[in-house]
Every structure is written in C-alpha cells, then in structure tokens.
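Take a look at the structure below.
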Amino acid sequence: MAGCPAFSLLDFSASINPLGPPASVLAAIESALPALRHYPDPQYIHLRQAIADHHQLSMDWVLPGNGSAELLTLAGRTFASLDCTYVVGPAFGDYGRSWRGAGAELKTIPWQVDQPWPWRKLRSPSEIANTSAVQSSHHGLILNNPHNPSGTLLAREEILALLPHYQWVLLDEAFMDFLPPGEEQSLVGDLEKHPNLIILRSLTKFYRLPGLRLGYALAHPDLLAQWQAWRDPWPVNVLAEAAAIASLEAEEFRQLVWQWLPPARSALQQDLASLPGLFPLPSQTNFLLVKTTIPAPELQEELLTKCQILIRDCLSFPELGEDFFRVAVRTMADNQKLTQALATIMATAAPS
C-alpha cells in the first residue's frame, strides 16, 4: 500500500523508544556471539540475579520469559481456575488471546478514555457481576500501568486498595520504565507483602529490542515455580540474556530517555492539538492516543500512501473503533514530519 519497503516507513505505530538500543547493549550482544555454541542456562541464574538486584528482590521472585506473550500464556493458565477475570477496556488484545487459550473467563469493564478511571467499580466485584453472590476469592483482575492505549498513569495507592478484593491481580507494567523513579507508580516494592500480585515487565520497549522478545514476571516463588514447570525449556536465548543484563546496567541511557521524553511528548501533543479535528489525550508514557473527527483508518491510509508514515489505528480496541488512533513519541524531527503530514491531510479532508 505504501509503495516502499517496510523498513523505510516512518513507523509511529509501534511504541518503541527511538533512542535505543543502547550502545552497551549492542556490544554485549556481539560479545555473546560465541555463546551460541552452547545451550542457555535453564535456570537463568545470572539473568535472574541481575533483574533481582535491579528491583531489590530475591532471585526466587523473578522469572524471565520470551516476551510478554509467553508470560501472559502462563498467567492465563493460573487464572483459568477462577470464576472470572476482569479487565478494563480498552486493553491490550493479548490478554484476551491468553485467557481464551487457557479456557479462562475474561470480562471487560468498559471505560471511556476521557472519563475518570472506574476505581469504585473495581473495588466491588459484586457490582461488576451485578450480583451479591460474587466472592473475591473466585475472581481475578488485570491492570496495566501506565494504561495502554490511553497513556494514563494509575496511582499506586489506588491499585494497592484493590488487591484484597481479588484472588489474583496481574499488573502489566510494560511501559513503567519510561517514568523516572520520582514519578513512577510501580508496585514492585510492595510485591513481597502481596502474594496474590503478579507484575509483568518488558525490556523490549524501553531499550528498543522487540526483535529479541524479552520480558519477565515478578511474583511469589511458589507461583513462578509452577510456571517454570509448565513451560518449554530455554525460552530466553543467550543473546537476549546478554542484552537484558546489559540493559539493566545502562543507567546513563535511562537518564537520557527520562530527560528526552517529557519535552518531546509535550511538543507532539501541542502540535497535534493545534490541528482542527484532532484531540490528543494526556499521556505519561511514550505514546499518545488521539481522538479524530476523520475516521482513523482513512487517516492511516492517507499517511501511508502519500507520506510513507504509519500510525496505529484502534480498530483492535472495540471501545475505541475508528474514532481514535495512537502514535509513538519519536524524535523531534520525526514528530514534525508527522504533524506536517497530518496538517495537510486534515486541511483537505472533510469529516465523514
């Protein structure tokens, strides 16, 4: 459709950090090439210890995985024993895939992204199910923070207040690294006090390593031992392991990203808001959800065919449909190309 190779597109559809990968991570991958002659350590001792040290946890609370997809598949099996799991929608589509594959019941709590977060409803599973017979011990909850696709940052204290109401809570913190320590709302520090809490983290988005497929779960050792027994051996290859350890040591890179992102995001949000028919929502991470008066699939096609720019339509989020699109925050120069292209299209296209 774009008339050019995929690698030459200006891709705003994937929420990947444009500043990565860190040079130290690429060097670590190259240094690990001789290890391709050997199988990975099935226990991933060095990797688990590096992650544990990074989060100030015991190594037994860490399980690396082949991206979030593998870990969500394992989580689905755990939650399948419950009567139902609730998730606020719109939400990442892979939650549904994982729960369906495990035969687990998943119900969506609809949320309008420009309205307050439904905290009160989440604190009352009986209200969600519209029955007084619901027991918290038979239900689970999925949250992601910052929320994808809205970019909303949920308060740590509000999430903590939900934990007693559910047998299991899966907290997806895939985008939390984009917030500096003074602003992030992670529950990693509370993990050991709440054995029903499972936290998923990703190294691929912040460090720009999606091709290596690497994430990890933080949870009670008993649960992670069960997951380890369920899954195939060697889910993380030796190059991904080396990249992960080097990423966790890349403090200078993290500081660079934390300095770059807020002004870049703010400038992109202001530029988009200045265009008639576009209404970007506030975000605390590296992407913006934008409401549009022109159907998003039409905008996507126009940008792709005329400008070789790819944005993410939101048709995979039933609650959003064609009224929204999502864009990653890229470099200032890339962001300006996007807004200039959108300005041209919005000026010539009439709302449907």
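Read-outs throughout are calculated quantities, based only on the coordinates presented, and are distinct from any laboratory measurement. None of these values were measured; they are calculated from a predicted model. Cβ: placed from backbone, ideal geometry, glycine included. Neighbour counts: every protein chain shown.
Structural remarks
- When the chain is described by a simple charge dipole with +1 on each Lys and Arg Cβ and -1 on each Asp and Glu Cβ, the residue from 40, 316, 260 located farthest towards its positive end is 316.
- Put a plus charge on the Cβ of each Lys and Arg, a minus charge on the Cβ of each Asp and Glu, and nothing anywhere else: the dipole of the chain about its Cα centre is then about 300 debye.
- Cα gyration tensor, the range 1-98 - rounded (a/c under 1.5), prolate or oblate: oblate
- Radius, Kirkwood style, for the range 23-249 when every pair of distinct Cα atoms is counted (Å): 18.2 Å
- Cα gyration tensor category, rounded, prolate or oblate, for the range 199-352 with a/c compared to 1.5: prolate
- When you restrict to C-alpha pairs under 8 Å that are six or more residues apart and normalise by the size of the chain, the relative contact order lands at 25 percent.
- Considering only 296, 28, 194, and ranking their Cα positions along the charge dipole of the chain that arises from unit charges at the beta-carbon of Lys, Arg, Asp and Glu, the one farthest toward the positive end is 296.
- Spacing of the modelled spin labels on residue 41 and residue 24, each 7 Å from Cα toward Cβ, amounts to 1.9 nm.
- Spacing of the modelled spin labels on residue 100 and residue 259, each 7 Å from Cα toward Cβ, amounts to 4.6 nm.
- Candidate cross-link partners of residue 107 among the lysines, defined by an alpha-carbon separation under 18 Å and a same-chain spacing of 8 or more, comprise 121.
- Inter-part distance where the range 178-198 and the range 28-43 are each reduced to a Cα centre, Å: 31 Å
- Sum of -39500 (n - 2.57) over DSSP H runs of 4+, divided by residues of the chain (222 nm, nearest 500): -11000 deg cm²/dmol
- By average C-beta atoms within 10 angstrom, highest first, the peptides 167-180, 227-240, 327-340: 167-180, 327-340, 227-240
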